[in-house]
1. Any residue in the range B:122-138 that is part of a helix (DSSP H, G or I), among the aliphatic types (A, V, I, L, M) and surrounded by 19 or more Cβ atoms within 10 Å (Cβ to Cβ)?
2. Could you grab me the full set of residues in the range A:52-95 that are surrounded by 15 or more Cβ atoms within 10 Å (Cβ to Cβ), at the interface with another protein chain (Cβ under 10 Å from one of its Cβ atoms) and on the phi > 0 side of the Ramachandran plot?
3. Does any residue of the range A:167-174 turn out to be at positive phi and away from chain B (no Cβ under 13 Å)?
4. Please determine, by comparing only the residues of the range B:64-109 that are of a type in the set (Ser, Thr, Tyr) and in contact (Cβ under 8 Å) with a residue 24 or more places away in the chain, which one is nearest to the other protein chains (Cβ to nearest Cβ).
5. Among the residues that make up the range A:132-145, is at least one of them over 19 Å from residue B:166 (Cβ atoms) and of a type in the set (Ser, Thr, Tyr)?
6. For the range B:180-195, indicate whether the set of residues that are exposed (fewer than 14 other Cβ atoms within 10 Å of the Cβ), more than 14 Å from every other protein chain (Cβ to nearest Cβ) and modelled with pLDDT of 95 or more is non-empty.
7. For the range B:52-63, check the following and say yes or no: at least one residue is more than 23 Å from residue A:76 (Cβ to Cβ), within 14 Å of chain A (Cβ to nearest Cβ) and within 22 Å of the chain's Cα centre (by Cα).
8. Kindly check whether there is at least one residue in the range A:186-194 that is out of contact with any Leu (no Cβ under 8 Å at 6 or more places or on another chain) and more than 14 Å from chain B (Cβ to nearest Cβ).
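The values are calculated or read from the model by the stated rules, or taken from the named source; none is laboratory data. Keep in mind the model is a prediction, meaning the values are calculated, not measured. No Cβ is skipped: glycine too gets one built from the backbone with ideal geometry, and neighbour counts run over all protein chains shown.
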Amino acid sequence: MVDHNRLDRRHVLGHIAGSVGTLMLTGCDRLSQDPDFTRILDTAETVSRFAQKALTGRNALAREYAEADISPEFRANGTIEPSDPDYQRLAESGFMDWRLEVGGLVARPGSFSLSELKQLPSRTQITRHDCVEGWSCIGKWKGVRLAALLDLVEARPEARYVMFFCADAMDLSGDKYYESIDLDGAYHPQTILAYEMNDLPLPIAHGAPLRLRAERQLGYKMAKYIMRIELVADFSQIGDGKGGYWEDQGYEWWAGI
Amino acid sequence: MPNGRRIYRHRFWVRMTHWVNVVCMTVLLMSGLQIFNAHPALYWGNISHFDNPVAAIGTFPDWVTLPGSQWLAMGRRWHFFFAWLFVTNGALYALLAIASGHFRRDLVPTPSALRQIGHSIRDHLRLRFPKGEEARHYNVLQRLAYLAVLCVLCPLIVLAGLAMSPQLDAAYPWLLSIFGGRQSARTIHFLCAFSLLGFVIVHLLMVLVSGVWNNLRSMVTGWYDTGETHG
């Protein structure tokens, strides 16, 4: 009788524990779908951004590595071969006809060929690339300093973000990749528009002819296949309003961690 | 249930921070496994040698991840929110534990207790636990386990997590140096998580075998039944 009761109790307790577990899991998954709840989770991104900005200073340089540290295999992520016909035509001619448009909140909008960009102040750096998925690779990048380009087109004081519009469509909807960084990031000494990787012209898989390197953020911030740069005061009217393709899919705009 | 003398064993802030920590560690582990599943391999050093990982253990099943399907962006949101809560809660606990003397009095083992450690290990293996007045205090194995978690594993897992931030690495390159690179930091973060899980499993076993309802009540209400009759 006693044993029977004990078994019963154990059975009931096990049942309760199981139900609580299931309830918790489905509850958490339901919370993930609830915009009011995810807004609470999102406060962490704001806290991280303010904390990191306060603790790191504007111009701390990302660690630079030696030639010997360069990854034998640098993984290419996202688009590795844009299907856009206009892009493919440009690629066939070695990007001879490609021009970077720079506009928005600038005093002197303009467009630049690859050889014109190569005449602007450049920087070469061997840095680590951290993907949001968790892996890291080290590569050598050479490119025009974004600060030099912004000085040339004379960014207007009300500009707060630099938007990068790209040639690669990410899904069947045809939405093209785009990204944004703030001016602290844009004027950082290591922020470059790279046209060379590991001493060779930037390969298509890594974003030819021009990709962003923003070394203190995660890989998805570093837009590839850049066609147009625009300075804006806010990006709420662009795309889904979150500042980038992956941001529109729910990733943080602040990708410092 | 013997109706013995009840003693007030856990102060309010100890109970409070304990249960907040239970929620944080559960969410952090499950969302951490979600994040791990986005690239289920571990490496040593600065970079990922894709063809030579330290471990490629495959993905964890959906029922242990948060959210319960492949959804990295949402896993990261849960993880970072509860990471802030975990650190705040931990800092609050550390502050109160030091200021109140809880740390020195209840957690640091006395030299005489340390000498008795063999005795304590034998008692634990026989599942014989302190009763009466002795149950008022943490025994020497408890103290050492709690100290290892509080002073080694928790700070280490937070530091290893921060070392994965490219923004913080730029300002504090020593974060990378102490772990020997970002991928090492990621591996150590993972190992710390499973060490903490190991601690929690042993902790729960000990709670179960040393009087589960009495232990639970004392961690909820503070009151622990010593098992002694009123004298």
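1. yes
2. The answer is none; no residue qualifies.
3. yes
4. Here the residue is B:65.
5. Within the range A:132-145, none of the residues are over 19 Å from residue B:166 (Cβ atoms) and of a type in the set (Ser, Thr, Tyr).
6. yes
7. Checking the range B:52-63: at least one residue is more than 23 Å from residue A:76 (Cβ to Cβ), within 14 Å of chain A (Cβ to nearest Cβ) and within 22 Å of the chain's Cα centre (by Cα).
8. No, every residue in the range A:186-194 fails to be out of contact with any Leu (no Cβ under 8 Å at 6 or more places or on another chain) and more than 14 Å from chain B (Cβ to nearest Cβ).
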